[in-house]
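Single-structure report; data block below.
The values are calculated or read from the model by the stated rules, or taken from the named source; none is laboratory data. Quick caveat: nothing in here was measured; it's all calculated off a predicted structure. We place every Cβ from the backbone using ideal geometry, glycine too, and count neighbours over all the protein chains shown. Side chains included, ligands, DNA and RNA excluded: accessible areas come from the protein's heavy atoms. Shrake-Rupley method; radii C 1.70, N 1.55, O 1.52, S 1.80 Å.
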Amino acid sequence: MTMPESRERVLPEIVGRETFDALVIRTDFSDDESWKAVVGELRRPWGPSGEFPAGVRVVDAPAWSGATADEVLAAVDEDEYLSVVFLADLHTMQSPVRALLALTTIWEDESDLDPVYYQELIESPEPRELRAAPAAVHDIHVNLTLGNMGFAEFAAAASTEPDHVLRPL
């Protein structure tokens, strides 16, 4: 069943996310075993020696089934402290490394930029998405939240991998 084009999809509000909790939304419900494995990996302590507890807000609600990247970004737009959201989509469920889709919530709308000053950004916009193994989610989220790194740095690191999936740094 598809939504009529005249109707806008309204996704549920996400509540209860702490600032340093990574937000992971399940948008594909085709493989419960893969999903359980993803959640298990997300809940493991992280860091060089596993010294940090995993802070993650997992959204596992059928209302999000089939949600597109644009729909998710529109739904989380009100969270001013969220700089990245992770989707567990069909690719995640089928990927041997369970690669989540990471979407930056911060990007420049090139249509608002003056081409005299921002020609380079207009011609080569910042990346909006990348694929990340569940073990890399916390590193990405925390570093973006603190402003230690930019999304483009993570995207560049992912692009150097043979499968274009970012693993823990």
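Which numbered condition trips up P127, out of (1) modelled with pLDDT under 85; (2) in a loop (DSSP other than H, G, I, E, B)?
It is condition (1) that P127 fails.
Collect the residues in region 69-97 that are assigned to a loop (DSSP other than H, G, I, E, B), touching a Ser or Thr at 6+ places or on another chain (Cβ under 8 Å) and open to solvent by 70 Å² or more (accessible area, probe 1.4 Å), keeping them in residue-number order.
Result: D77, Y81.
Of all residues in region 21-33, which are surrounded by fewer than 14 Cβ atoms within 10 Å (Cβ to Cβ) and either in contact (Cβ under 8 Å) with a residue 60 or more places away in the chain or within 21 Å of W46 (Cα to Cα) (or both)?
Within region 21-33, S30 is the sole residue that qualifies.
Among the residues of region 51-68 satisfying the criterion of being aliphatic (A, V, I, L, M) and in contact (Cβ under 8 Å) with a residue 60 or more places away in the chain, which is surrounded by the fewest Cβ atoms within 10 Å (Cβ to Cβ)?
A54
Quick check: anything in region 7-17 outside any helix (DSSP H, G or I), modelled with pLDDT of 95 or more and open to solvent by less than 30 Å² (accessible area, probe 1.4 Å)?
Within region 7-17, none of the residues are outside any helix (DSSP H, G or I), modelled with pLDDT of 95 or more and open to solvent by less than 30 Å² (accessible area, probe 1.4 Å).
Counting only residues that are in a helix (DSSP H, G or I) and without any contact (Cβ under 8 Å) to a residue 24 or more places away in the chain, which one in region 35-50 is most open to solvent (accessible area, probe 1.4 Å)?
Within region 35-50, the match that is most open to solvent (accessible area, probe 1.4 Å) is K36.
Exactly one condition in (1) in a helix (DSSP H, G or I); (2) at pLDDT below 95; (3) surrounded by 14 or more Cβ atoms within 10 Å (Cβ to Cβ) is false for Y117; which is it?
All conditions are met except number (3).
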